[in-house]
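Here the structure comes first, spelled out in structure tokens, and everything after it is commentary.
The values are calculated or read from the model by the stated rules, or taken from the named source; none is laboratory data. These figures come from a predicted structure and were not determined experimentally. A quick note on method: Cβ atoms are made from the backbone with ideal geometry, for glycine too, and the neighbour counts reach across all protein chains shown. To get the accessible areas, we keep the full protein, side chains included, count just its heavy atoms, and leave off ligands, DNA and RNA. Shrake-Rupley method; radii C 1.70, N 1.55, O 1.52, S 1.80 Å.
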Amino acid sequence: MKLWVKIFIGLLLGALTGLLIGEKAVYLKPLGTIFLNLINMIIPLLILSSMTVGITSIHDPQKLGRVGGKTIGIYLITTIASILTGIALANLFQVGSGLYLQASETAVAKAPTFGEIIVSIIPSNPIAALVNGNILQIIVFSVFLGIAINFSGERGRPLHNVLESLSDVMYRLTSLIMEFSPVGVFGIMAWVTGTFGLTLLIPLFKFLGVYYAACLLQLVVVYAFILLKGFGRLHPWPFFKGMGDAIMMAFSTGSSAATLPVAMHCVQENLGVSKNISGFVLPLGITMNMNGTAIFQAMSAVFVAKAYGIPLDLSSYFTLLMTATMSAIGTAGVPGGGFIMLSAVLTSLGLPLEGLAILAGIDRLREMVTTVLNILGDAAVTVLIAKQEGELDERKYYHTELVEFEGGAS
Ligand code: ASP
């Protein structure tokens, strides 16, 4: 049985058990706490390694000059746009509100002011940041470390390899821990519904609905109209047709890394992007551009804050914008990648990690759509850059549509 099915069953059984045994479900809570501790255990090293390696994948941006700068710039802008969409829709539809959950952990930290954030995110001691689990500081250190490794050339290679290996091992550890997640989710859900009743499940499905709507908005407004039609002067329809195989692959595997080869084939063969451009822009996007993940992380933070009745002020939203941007960049394109990095976002905002366990039950349902959006965002930017650089074969791009109209095989 697939893990996500088990987690979903854990969620349903937990909710049912909680409803049946009521307050006594508190005895099942340690199962959830153990699961959360296990997740906490991997966060600092996972962030340090995956974030640094993510940054080092931007090899020598000087050499890549204009294309490199433009690609990174557009990726950042679309990431920020998706986070803002996530925040806006989450607030518009009030996801998570009305739940009145209570964090069982020690007092939730008060969100700092804007000025305090700026000063406090620069670690004076990165080891202390790791020890204390200060996520923002770890992120900032990782960014500097990644840049310095790139500048160090050959001499930085061994450290890069160590960190890459560490990040692989951490992801492996993550999947081991996720094996325990159905039980952990069972414990948390039993406790939560035992204490709060059925009122919890409806907001979860509302969350999913609002999330899908935000993804659709990003797809239509940002990719189709702004990037392709507006800046690229291209009809968006052939784009979506040409990406069909990649869409199916992303939807079924939940992994944009696994979808890369198919996506590469689609942009080159169906959409007419040159090998030069696609070979650089697309893999970079797989590593750093995850719009679906960014929307999810932003929306989840608002969901958890509202569910626990923790107000988010302007400086909290600023922190959210920064950490969600960095987390989306640092997320690996593997199943569950975005979910694990969500813990970094919640921690940086002082939000209770129990919210994570609640969202785990529906994670696979959101991830299928997330991955499709992630891959389409990368491909749309790839097509746009190719068009602007004169490296798009438009006959091929529009041919996708002709093949479909003629009823031929694609
Ligand atoms: N699994 C997603 C991907 O590979 C990332 C995520 O979990 O958000 O694109």
message: I need the full set of residues from region 372-391 which are open to solvent by 10 Å² or more (accessible area, probe 1.4 Å), away from the ligand (no atom under 12 Å from the Cβ) and aliphatic (A, V, I, L, M), in order please.
response: none
statement: Going through (1) surrounded by fewer than 24 Cβ atoms within 10 Å (Cβ to Cβ); (2) under 16 Å from residue 178 (Cβ atoms); (3) within 13 Å of the ligand (Cβ to nearest atom) one by one, residue 369 fails only at (2)
task: Within region 242-254, identify whether any single residue is hydroxyl-bearing (Ser, Thr, Tyr), open to solvent by less than 10 Å² (accessible area, probe 1.4 Å), in a helix (DSSP H, G or I) and within 25 Å of residue 334 (Cβ to Cβ), and answer yes or no.
output: no
query: What do you reckon, is residue 287 under 13 Å from the mean Cα position of the chain (by Cα), in a helix (DSSP H, G or I) and farther than 30 Å from residue 240 by Cα?
result: no
- request: Among the residues of region 255-271, write down those that are within 12 Å of residue 379 (Cα to Cα) and outside any helix (DSSP H, G or I).
  value: 271
message: Exactly one of these conditions fails for residue 352: (1) within 14 Å of the ligand (Cβ to nearest atom); (2) modelled with pLDDT of 85 or more; (3) assigned to a loop (DSSP other than H, G, I, E, B). Give me its number.
response: (1)
- request: Answer with yes or no whether residue 292 is modelled with pLDDT of 90 or more and farther than 19 Å from residue 77 by Cβ.
  value: no
- prompt: Is one or more of the residues making up region 243-263 more than 16 Å from the ligand (Cβ to nearest atom) and among the β-branched types (Val, Ile, Thr)?
  reply: no
field: Options 165, 181, 175: the member that is of a type in the set (Gly, Ala, Ser) and in contact with a Phe, Trp or Tyr (Cβ under 7 Å, 6 or more places away or on another chain)
entry: 181
message: I'm trying to understand the selection: among the residues of region 263-320, which are of a type in the set (D, E, K, R) and under 25 Å from residue 236 (Cβ atoms)?
response: 269, 275
field: Positions within region 310-338 being within 16 Å of the ligand (Cβ to nearest atom), of a type in the set (A, V, I, L, M) and open to solvent by 30 Å² or more (accessible area, probe 1.4 Å), in sequence order
entry: 326, 334
message: Any residue that is at pLDDT 85 or above and open to solvent by less than 10 Å² (accessible area, probe 1.4 Å) - is there at least one of those in region 174-189?
response: yes
- prompt: Just checking, how many residues over region 269-309 are surrounded by 18 or more Cβ atoms within 10 Å (Cβ to Cβ), over 17 Å from residue 88 (Cα atoms) and more than 16 Å from the ligand (Cβ to nearest atom)?
  reply: 8
- line: Of the residues in region 228-241 that are open to solvent by less than 10 Å² (accessible area, probe 1.4 Å) and part of a helix (DSSP H, G or I), the one that is farthest from the ligand (Cβ to nearest atom) is 238
